[in-house]
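J.: Quick one: the structure is below, and I'll ask about it shortly.
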Amino acid sequence: MNYTLKNDHLNVVVDTFGAEMHSIQHDDIEYLWQADAKFWGRHAPVLFPIVGKLKNGEYRYNDKTYKMGGHGFARDNDFELIKKSADELVFELRDNEDSLNHYPFHFVFRVSYKLVDNKIRVRYEVKNEDEKFMSFGVGAHPAFNVPLKNGTFEDYQLTISPDEKRTFIPLDPPSGTLKLDERVESQVSQLPLTRALFDKDALVYTSSKEMKVSLTNKLDDHGVSLTWKNMPYFGL
């Protein structure tokens, strides 16, 4: 079921399935990718309890093998809407019989979206309801329309700040896992978009304590910026 948040700047639609944003509009411009199945049939999936893929799609815990698909299972589950106000939606996912077959932990996972002027404040909350240590990963995977209004794909660029050295970790396209033995130091502050830039899948970098990545173009002032704190990695 879809729910809408709206203020003077933004109109945002979020689905209970996966707690996934389906639309971000400003001045009748749709900023979020509209899940064209010919290319990629999602909008902005929420990633939990892993980000990325596991080697052979499985892992070992307490001498037992568990299977889990890429980016975890939260994106393919119905969340419960536990709070709705004029400017905020809060969704909740709890462990269930199926999740325990892939992830043997009792948990509560909440995702909230709050409108603050022309910003969407996203918050993730993970609560371990078990008595044992629980490893997990959480992440966001929003996709944006390029071009947004005018121009071509190549008119856009990504600006990364702070401008400092960070580690680039290439992906192995067949498996989707990180090639940790091929890590290299890199200092990149601006990436002009080209189709070839993503020939080998996403670009993964280590993150600073506070980060900002902006998607902008040379023709007008339409674009998006993402900011975050205390996330160890980011992918483009």
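J.: For segment 100-137, which positions are under 19 Å from the mean Cα position of the chain (by Cα) and either among the small types (G, A, S) or on the phi > 0 side of the Ramachandran plot (or both)?
T.: Within segment 100-137, S112, S135, G137 meet the criteria.
J.: Given the condition part of a loop (DSSP other than H, G, I, E, B), without any contact (Cβ under 8 Å) to a residue 60 or more places away in the chain and basic (K, R), answer yes or no: does some residue in segment 38-45 qualify?
T.: Within segment 38-45, one or more residues are part of a loop (DSSP other than H, G, I, E, B), without any contact (Cβ under 8 Å) to a residue 60 or more places away in the chain and basic (K, R).
J.: Let me ask something else. Identify all residues within segment 107-122 that are over 11 Å from L89 (Cβ atoms) and surrounded by fewer than 17 Cβ atoms within 10 Å (Cβ to Cβ); write none if there are none.
T.: V108, V116, D117, N118, K119, R121, listed by residue number.
J.: Please pick out the residue among V146, V111 that is in contact with a helix residue (DSSP H, G or I) (Cβ under 9 Å, 6 or more places away or on another chain) and either charged (D, E, K, R) or part of a strand (DSSP E or B) (or both). Break it down stepwise before answering.
T.: Working: V146 fails: either charged (D, E, K, R) or part of a strand (DSSP E or B) (or both).
When all the criteria are applied, what remains is V111.
J.: Another question, then. Can you tell me which residue in segment 61-72 is surrounded by the most Cβ atoms within 10 Å (Cβ to Cβ), limited to those that are in contact with a strand residue (DSSP E or B) (Cβ under 8 Å, 6 or more places away or on another chain) and either farther than 25 Å from P170 by Cβ or free of Cβ contacts under 8 Å to residues at least 40 places away in the same chain (or both)?
T.: Step one: list which residues in segment 61-72 are in contact with a strand residue (DSSP E or B) (Cβ under 8 Å, 6 or more places away or on another chain), which gives 65-68, 71-72.
Adding the requirement that they be either farther than 25 Å from P170 by Cβ or free of Cβ contacts under 8 Å to residues at least 40 places away in the same chain (or both) leaves 65-68.
On the way: T65: 9, Y66: 16, K67: 11, M68: 18.
The residue in question is M68.
J.: Taking L81 and the conditions (1) within 30 Å of T216 (Cβ to Cβ); (2) hydrophobic (A, V, I, L, M, F, W, C); (3) in contact (Cβ under 8 Å) with a residue 40 or more places away in the chain, which numbered condition does it fall short on, given that it satisfies the others?
T.: Result: L81 fails condition (1) only.
J.: Can you give me the ranges of the strands (runs of 3 or more DSSP E) entirely in segment 177-236 with at least 2 residues that are within 19 Å of the chain's Cα centre (by Cα) and of a type in the set (F, W, Y)?
T.: On the way: elements: 184-187, 190-192, 204-206, 210-217, 224-229, 233-235.
Counting at least 2 such residues, we get 233-235.
J.: Shifting gears a bit: Those residues that are among the aliphatic types (A, V, I, L, M), in contact (Cβ under 8 Å) with a residue 24 or more places away in the chain and closer than 17 Å to F48 by Cα, I need them from segment 105-142; list them, please.
T.: Step one: filter segment 105-142 for residues among the aliphatic types (A, V, I, L, M), giving 108, 111, 115-116, 120, 122, 126, 134, 138, 140.
Right, trim to in contact (Cβ under 8 Å) with a residue 24 or more places away in the chain and you get 111, 115-116, 120, 126, 134, 138, 140.
Residues satisfying the conditions are V111, V126, M134, V138, A140.
J.: Same structure again: Have a look at E97, E30 and point out the one that is over 22 Å from F144 (Cα atoms), over 16 Å from the mean Cα position of the chain (by Cα), at pLDDT 95 or above and of a type in the set (D, E, K, R). Quick ask: steps written out before the conclusion?
T.: Working: E30 fails: over 22 Å from F144 (Cα atoms).
Going through E97, E30 in turn, the sole match is E97.
J.: Can you tell me how many residues within segment 147-176 are within 17 Å of I29 (Cβ to Cβ) and under 22 Å from the mean Cα position of the chain (by Cα)? I'd like the intermediate steps shown before the answer.
T.: Restricting attention to segment 147-176, the residues satisfying the condition of being within 17 Å of I29 (Cβ to Cβ) are 147-153, 155-156.
Going one step further and asking which of them are under 22 Å from the mean Cα position of the chain (by Cα), we end up with 147-148, 153, 156.
Looking only at that region, the number is 4.
The values are calculated or read from the model by the stated rules, or taken from the named source; none is laboratory data. Bear in mind that the values here come from a model prediction, so they are computed numbers and not experimental data. Using ideal geometry, Cβ is built from the backbone for each residue, glycine included, and neighbour counts are taken over all protein chains shown.
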